[in-house]
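A quick write-up on the structure given underneath.
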Amino acid sequence: MMSVETAFDSIGSALRKMGYSLTGEQKPSAADADRSAVYASPSMAVRLSWTEKARMLILQVRVGAEWVEFARRSFGPKGLEENAVEALVRSVHAEVAQTSTDAG
């Protein structure tokens, strides 16, 4: 099981390996507070958000001027399963590949 912090680090690391750069982050000092991070590449922007009250990790992609929900995972009291985080990363990677193909 992964904590919110570990999930953010894991997803951020995977996005950086795919060529994304961290362009913005809201990381409150309290570990259990809402949090978000934005990563961008030449072809796509991704926002990762944690909502403490709903215990949800939400992944959004930028489409035009709007953020569109791409995936959402709920955290149980013990955390989020590692394979759920890996599935999010694979989904983003597949979307980037599809977007690159569509643009060409």
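Working note: Karplus 6.51/-1.76/1.60 with θ = phi - 60° gives the stretch 2-12 the couplings 10, 7, 4, 4, 5, 5, 4, 4, 5, 5, x Hz, where Gly and Pro are set to x. Here is how the number arises for the chain: DSSP H runs of 4 or more residues each give -39500 (n - 2.57), the sum is divided by the residue count, and the result at 222 nm is -11500 deg cm²/dmol. Of the listed values (1) 1.41; (2) 1.04; (3) 1.19, grab the one calculated as Cα Rg over 2.2 N^0.38 Å from the structure here. Label of the calculated value: (2).
Among residues other than His93 with Cβ under 14 Å from its Cβ, the summed charge is +1 (Lys and Arg +1, Asp and Glu -1).
Dipole check for the chain: with +1 at the C-beta of Lys and Arg, -1 at the C-beta of Asp and Glu, and the Cα centre as origin, the magnitude is about 40 Debye. Between Ser36 and Arg55, full extension at 0.36 nm per residue minus the direct alpha carbon distance yields a gain of 5.5 nm.
Local charge for Phe75 was computed over the other residues whose Cβ lies under 10 Å away, with Lys and Arg +1 and Asp and Glu -1, and equals +1. Working value for the stretch 25-64: equivalent-ellipsoid semi-axes of 22, 11, 5 Å, each the square root of 5 times a Cα gyration tensor eigenvalue, largest first. Angle of helix 82-103 to the longest C-alpha principal axis of the chain, folded into 0 to 90 degrees and rounded to 10: 20°.
Placing dummy labels 7 Å off each Cα toward the beta-carbon, the span from Asn83 to Thr23 is 3.4 nm.
The label point for Arg90 and the one for Glu69, both projected 7 Å from the Cα toward the Cβ, are 2.3 nm apart.
Readers should treat all values here as calculations from the given coordinates under stated rules, not as data from a laboratory. Since the structure is predicted, the reported quantities are computational estimates derived from the model, not experimental observations. Cβ coordinates were reconstructed from backbone atoms using ideal geometry, including for glycine residues, and neighbour counts include every protein chain displayed.
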